[in-house]
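Below: one structure, written as structure tokens.
The values are calculated or read from the model by the stated rules, or taken from the named source; none is laboratory data. For clarity, every value in this text was computed on a predicted model and none was experimentally measured. Positions of Cβ are generated from backbone atoms using ideal geometry, with glycine treated the same way; all protein chains shown enter the neighbour counts. Keep in mind that these areas ignore ligands, DNA and RNA; they rest on the heavy atoms of the full protein, side chains included. Shrake-Rupley method; radii C 1.70, N 1.55, O 1.52, S 1.80 Å.
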Amino acid sequence: MGFISFVGRVLFASLFLLSAYQEFIEFGNDGGPAAKTLKPKFNLFVKLVSKNTGLGVPHIDIKTVIAAAMFLKGFGGLLFIFSSSFGAFLLLIYLAFITPIMYDFYNYEMESAQFVQLFFKFTQNLAFIGALLFFLGMKNSIPRRRSKGRTTKTKTN
């Protein structure tokens, strides 16, 4: 059972690791294609948040966002392979941050093809979040092994 669990973690983490590797290779001076894709959606999200909350959002360089996403995916994926709760938590942070920004189905009409595609990707990322939460819940529910040292028993008459 342990080997099958390990293979499952490797397959799951490979989605994040390969994506982080591709973004790292294409990063360049401008942040690469990931920055070009994320920038308009990120700006729209920032405007939406500042409009609805009334709070000013400070300027965030898109290259910094891409670098942070690469770190969260890469480091979190590596730690997750070795059954680390911290790795799963890093992947959760990445998904919770990037999912509503990248897959902004709420900005499109329900009848459009773009809505369906973005909604499908959004729900897929929600399934990833659910899988990570399930992993964390199962990891925390397994009792820790106690040391096999001698225990003293007292006799009562």
**Q.** Condition broken by residue 51, with the remaining ones in (1) open to solvent by less than 50 Å² (accessible area, probe 1.4 Å); (2) without any contact (Cβ under 8 Å) to a residue 40 or more places away in the chain; (3) charged (D, E, K, R) satisfied
**A.** (1)
Q: For segment 88-112, name all the residues that are free of Cβ contacts under 8 Å to residues at least 24 places away in the same chain and either surrounded by 17 or more Cβ atoms within 10 Å (Cβ to Cβ) or of a type in the set (A, V, I, L, M) (or both).
A: 90, 93, 103, 105, 110
(Q) Based on this model, can you work out whether residue 73 counts as within 30 Å of residue 141 (Cα to Cα), free of Cβ contacts under 8 Å to residues at least 60 places away in the same chain and charged (D, E, K, R)? (A) yes
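Which of the residues belonging to segment 22-34 are touching a residue at least 12 places away in the same chain (Cβ under 8 Å) and either open to solvent by 50 Å² or more (accessible area, probe 1.4 Å) or more than 28 Å from residue 9 (Cα to Cα) (or both)? Step through it out loud before you land on a result.
So the first thing to find is which residues in segment 22-34 are touching a residue at least 12 places away in the same chain (Cβ under 8 Å), and the list is 23-24, 27, 30-32, 34.
Those that are touching a residue at least 12 places away in the same chain (Cβ under 8 Å) and either open to solvent by 50 Å² or more (accessible area, probe 1.4 Å) or more than 28 Å from residue 9 (Cα to Cα) (or both): 24, 30, 31, 32.
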Q: Report yes if residue 119 is surrounded by 15 or more Cβ atoms within 10 Å (Cβ to Cβ) and over 20 Å from residue 8 (Cβ atoms), otherwise no.
A: yes
